Amino acid sequence: MVEAIKGLLISCDIPMAQFIINLNNSMPNAQKFILEILDDTHMFVQPHMADTIQYRLQEFRESNTFEKPVGVGN
């Protein structure tokens, strides 16, 4: 018998996929959200985690963005 699971398909580049996998691995077992890693750039996750994943990705991007200091150079 086939079992259907509701989920969200994520398609991203390899570095972003690794970030999401590491995020999943940092969670306690009861809170892990990846249902299946399909390949290097696609994964199937629990749909209720979409906002959390987006928030964590935004935090990561903001913390790794270079801003030129004011008054330096032209």
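Derivation of every value follows stated rules applied to the coordinates shown; laboratory data play no part. It should be emphasised that the depicted structure is a prediction, and the values quoted were computed from it without experimental measurement. Virtual Cβ from ideal backbone geometry, glycine too; neighbours counted across all protein chains shown.
Against the chain, whose longest principal axis comes from its Cα atoms, helix 50-63 is set at around 20 degrees.
With a simple spin-label model that places each label point 7 Å from the Cα along the Cα-to-Cβ direction, the separation between Thr65 and Met16 comes to 1.5 nm. Take every Cα pair under 8 Å in segment 8-62 that's 6+ residues apart, average their separations, divide by the length, and report that relative contact order as a whole percent. So the answer I get is 40 percent. Using a Gaussian network model of the chain with C-alpha springs under 10 Å, which one of Met16, Met27, Met49 is most mobile by mean-square fluctuation? So, out of Met16, Met27, Met49, the one fluctuating most is Met27. To the nearest ten degrees, helix 14-26 and the longest principal axis of the Cα atoms of the chain are 70 degrees apart. Over all other residues within a Cβ to Cβ distance under 15 Å of Ile14, the charged ones net out to -3, with Lys and Arg as +1 and Asp and Glu as -1.
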